[in-house]
Amino acid sequence: MGLVSWTALAALAAVLLTAPLLPGIVVRTKSFLTGRRGAPVLQLYYDLWKLFRKGTVYSTTTTWVFRAAPVVVLATLLTAALFLPLDGRAAPVHFAGDLLAFAGLLALGRFALVLGGLDTGSSFEGMGASREVTFASFAEPALFLCFIALVLATGDLSLSDMLGAPLAAVWPRAAAALTLVGASLFVLLLAENSRVPVDDPATHLELTMIHEVIVLDHGGPDLALIQLGGALKLAIFGALVVGVLVPRAGLGVAAAIAALLVGLGVVAVLVGVVESVMARLRLTRVPQLLVGAAALALFAVILLLR
Amino acid sequence: MRTAPEVLLLLVVLTDFAVLGTTRLSTCIRAVAVQGLLLGLLPLAFAQHVSLHAGALAVGTVALKALILPSFLFWAIREAAVRREVEPVVGYIASLLLGAVALALAFAIAARLPLPESQQELLVPVSLATVMIGFIVLTSRRKALTQVVGYLLLENGIYLFGLTRTESVPFLLELGVLLDVFVGVFIMGIVVFHINREFDSIDSAHLAELTD
Amino acid sequence: MRLIVLFALPAIVGAIMFRVPAHHAGRVRVGALVATAAAHLALVASLWVRPAAPLFHGWLALDALGLVVLTVASVLFFATALYAVGYLQRERPRGGRVFVTGLLGFLAAASLVAASQHLALLWVGMEATTLSLAPLVFHRHDRRSLEAVWKYLVISSVGIALALLGIFFLATAQSGVGGRPLIVPDLLSHARQLHPAWVRAAFLFLLVGFGTKMGLAPMHTWKPDTYGEAPSLVGGLMAGALTSCAFLGVARATQVVVAAGLAPFAQPVLIGFGLLSLGVAAVFVIGQSDVKRLLAYSSVEHMGLLVLGLGLGGVGAYGTVLHVVNNGLSKGWLFLVAGNVVLATGSSAAAANRGLVRHLPVSGLLLVLGLFAVTGSPPFGLFLSEFTILRAAVGAGHPWIAGAVLLLLAIIFVGMAALVLEMALGEPEGGAAPVRENRWLLVGPLALAAAVLLLGVYIPAPLHDVMARAAAGLGGSAP
């Protein structure tokens, strides 16, 4: 464990505060590209404010698992964010092998969400849960391949180093491989955050939904926690993509944090563009996309192994 | 990783995977067209100074592999009114994984081959990988047209290997090789067209009358 | 200069015939075909009398092996051209101009293959041979010929693409070594300095690539379908001339690998492919019901014998060269006779053609004689060449190879005899009155049969000299 630096915490706070902006930017980009006015960029803040003031209604068939799920989801994501070197230097928490803890926390959050969905006993939620887990089983190997590539590139086993100064040092040598990793991570971002072409966050047809259907029974503050978690997850994956593609170790602290926030904004715009130009894939084709992302990461690994 | 050829070669591999992973024939053809363009640009990227030889070869390659052949294949699918490879012999995920294995194998083989003076260390592995992926497409798809695309990938891979030895094969011969490939694909395209007319499908699985 | 005319003449005439105006076009085309074939044969004969000097810095030159292949192709083509006169009177293949142009294009490409000393140039010619005959396989435009031409095109193209990769490997092996790139004599004179790993890889790719075009097992799968569906005279050219050209490619690869001192690596591979081809042929010949498919498997058998002789070395190389000549001529003979049968009854199935000797006396007799010739019975030339190859096997200390080959040849003889004798002597279903046969359809096969018989009895001294030189080039010797 290293010492907690103030800059790292400041960066984390900045990211937490701006995370709910990202879905707004995505929606705005989509509206702009399709010629509509669209919701305000700050819409998610208003939604969260509204939801937190509401009460909750729990179905009588649910147990404590259902109530714990939103808290666990948000808690795991917050903890995972602690492992990322958001200021371009070092994360608040870092140790060799923390990438496993990071991936494990993401998996735990997903597990809680899925259990919460199953706990309702509704077949819709069960269906969504099954899809979520199926796709996760394709996405996680791809994520690990990306991490392996980064480990090979930097020779370090800690996310702080893999995305920090050592990465900046190898960039000139391994640009092509790292670009591939970035592309692979971007596909994973789309899949993990239930974006087109994997899932459509705007749909209300239960048969085709994945993420939205699991949280169908959550309401009030619970839903707010889950939505905040969703925004945070987008920010975390965005920070991974930006961290790989834009090494910021050479910049000053303020510049590095600003660069990260701008980078997150660009990622959100990109997501919006993808959502505007692509249709959602058939469910059976989604694994193909994820295997493709894994193949990209594997290619990067091969390039780095030479 | 600084040079333009490396980027072009990586894009070649990505087009290989695009062919492996897509169900749409038009995407397949587009990917091969992009690959033809990349192949045409490679000699220019390699050349220290732009020579007449490299320029003419680039123009010839781009014209044939990126423009004429793809538009001819597009004509064939328009005539045949097919858009998708319905049921490949090997599924898409499996063929993507096979492609990844082929890629790893290509790099492993290339690392062990004694290469004389390597101008571009990525060239040989990418060439071998493209050859193998072409082979996978050829053998794992049922549509006659996808098989033609696989053959084109195979030829592109061999062309890439030929780039390591540009001094051995003079310009006229390279044109001869290009021309042969062109005529070959042209005749295959005509046959695809006739298969479609005769069977109302370009599924080469229909071609199973002749057996022992 | 004559070397250029060799392939330029058929190419130019072929191009002109594609554009000839419709009026009397049929006769003009046939006339041009025969005249070009005769001129080509005369040119080849003049090359025997007075060898031509190498051209274009040695890119084009005719060595002994190339001369043998060229002669086989030219003689066979002349016989086929005469046959085509009668054939085109009877059949009107769709797109007659494609037919004649394709044949002439094949002659041009085959001549280019035989005369080129630059391996990439040889490849260009080889691919052209494949492509020039493809439209001819497809001449009937029905489902079966579609299937045949698709298999032929895809398998041959992929095979020959691998051969191109092999050629590039050879160029890589040559880097940093003296000599002009990919020129055969320079490759041979610097063979010892070539990088052995690349030479081995190149040899394997060339063997598999050109072996696919030869129809070696297990790359032979296109062969029965293509030979079965192609018009018989095209089948004859494929089985006789095209395979000889492809063999030339394999032989060039063997020359290099032997000169590089890697014979112990190459020979078992060649022998393996040879025995496998013989075995596959033996399995599929039994119970065959179609004479053209039967001949295709017989061709697989003979391709196996060719690489077997190549792999055994010594006198086996001489036997192989002699076998190239014998196989080329006898395959032409049999396919043209099979063509007569198909023209008469419209089918090449044995069941539809019983009692040929009564129905088509000359063709029936030629078919029976051809059976004995092609299975290597004395006094035909194939007996001599097969015997030489067997002698090489025993001489090289592999009596078990000789034994296995003899056994397989015996099985193939039984299988072929069962079908051919059923056709020739079986009881016809309807009454079969003797038919007066078209002379144009008999000249070719008769001439080829006479040549095969002659080669079994007496080999002219100049031919022996050239074949001995060719065998020496392959690392072997004359008996």
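The values are calculated or read from the model by the stated rules, or taken from the named source; none is laboratory data. This is a predicted model, so every value here is computed, not measured. Here the Cβ is made from the backbone with ideal geometry for all residues, glycine too, and neighbour counts use every protein chain on show.
What number of residues within the range C:215-238 are part of a loop (DSSP other than H, G, I, E, B) and either over 22 Å from C:Arg90 (Cβ atoms) or of a type in the set (Phe, Trp, Tyr) (or both)? Counting residues in the range C:215-238 that are part of a loop (DSSP other than H, G, I, E, B) and either over 22 Å from C:Arg90 (Cβ atoms) or of a type in the set (Phe, Trp, Tyr) (or both) gives 7.
Being farther than 21 Å from C:His118 by Cβ, touching a residue at least 24 places away in the same chain (Cβ under 8 Å), facing chain B (nearest Cβ under 9 Å) and β-branched (Val, Ile, Thr) is true of C:Val158. Note on the range A:52-85: residues that are outside any helix (DSSP H, G or I), among the aromatic types (Phe, Trp, Tyr) and without any contact (Cβ under 8 Å) to a residue 60 or more places away in the chain total 1.
The single condition among (1) within 14 Å of chain C (Cβ to nearest Cβ); (2) modelled with pLDDT of 80 or more that B:Phe72 does not satisfy is (1).
Residues of the range C:412-444 that are buried (at least 18 other Cβ atoms within 10 Å of the Cβ) and farther than 16 Å from C:Ser363 by Cα: C:Ile412, C:Phe413, C:Gly415, C:Met416. Restricted to helices (runs of 4 or more DSSP H) entirely inside the range C:275-377, those with at least 3 residues that are at pLDDT 90 or above, among the aliphatic types (A, V, I, L, M) and over 17 Å from C:Phe413 (Cβ atoms) are C:291-312, C:315-345.
The residue that is nearest to the chain's Cα centre (by Cα), among those in the range C:132-151 that are assigned to a helix (DSSP H, G or I) and under 18 Å from C:Val100 (Cβ atoms), is C:Leu133. With the structure loaded, tell me whether C:Gln193 is farther than 22 Å from B:Val183 by Cα, facing another protein chain (nearest Cβ under 10 Å) and of a type in the set (S, T, N, Q) or whether it fails that test. Judged against the criteria, C:Gln193 is not a match.
Tallying residues that are more than 11 Å from chain B (Cβ to nearest Cβ) and surrounded by fewer than 24 Cβ atoms within 10 Å (Cβ to Cβ) within the range C:201-218 yields 3. Taken together, the residues in the range C:103-154 that are crowded, with 24+ Cβ neighbours inside 10 Å and more than 11 Å from chain B (Cβ to nearest Cβ) amount to 12. With respect to the conditions (1) among the aliphatic types (A, V, I, L, M); (2) in contact with a Phe, Trp or Tyr (Cβ under 9 Å, 6 or more places away or on another chain); (3) assigned to a loop (DSSP other than H, G, I, E, B), A:Ala279 lacks only one, and its number is (2). Quick one: in the range A:156-212, of everything that is within 14 Å of chain B (Cβ to nearest Cβ) and hydroxyl-bearing (Ser, Thr, Tyr), which residue is farthest from the chain's Cα centre (by Cα)? Going through the qualifying residues, I end up with A:Thr179. Scanning the range C:259-274 for residues that are assigned to a helix (DSSP H, G or I) and surrounded by fewer than 24 Cβ atoms within 10 Å (Cβ to Cβ) yields C:Ala259, C:Ala263, C:Pro264, C:Phe265, C:Gln267, C:Pro268, C:Val269, C:Ile271, C:Gly272.
Within the range B:145-161, residues that are at the interface with chain C (Cβ under 9 Å from one of its Cβ atoms) and within 15 Å of C:Ile155 (Cα to Cα) have Cβ atoms under 7 Å from residues that are small (Gly, Ala, Ser) and surrounded by fewer than 24 Cβ atoms within 10 Å (Cβ to Cβ) in these pairs: B:Gln147/B:Ser204; B:Val148/B:Gly189, counting only partners at least 6 apart in sequence or on another chain. Listed by first and then second residue, the pairs with beta-carbon distance under 9 Å, at least 6 apart or on different chains, first residue in the range C:434-452 and in contact (Cβ under 8 Å) with a residue 60 or more places away in the chain, second buried (at least 18 other Cβ atoms within 10 Å of the Cβ) and outside any helix (DSSP H, G or I), are C:Pro434/C:Leu360; C:Val435/C:Leu360; C:Glu437/C:Leu360; C:Ala449/C:Phe380; C:Val452/C:Phe380.
Within the set A:Val277, A:Val242, A:Val267, the sole residue that is out of contact with any His (no Cβ under 7 Å at 6 or more places or on another chain) and either surrounded by fewer than 23 Cβ atoms within 10 Å (Cβ to Cβ) or within 14 Å of chain B (Cβ to nearest Cβ) (or both) turns out to be A:Val277.
Could you tell me whether the range C:179-190 includes any residue that is surrounded by fewer than 24 Cβ atoms within 10 Å (Cβ to Cβ), of a type in the set (A, V, I, L, M, F, W, C), within 11 Å of another protein chain (Cβ to nearest Cβ) and in a helix (DSSP H, G or I)? No.
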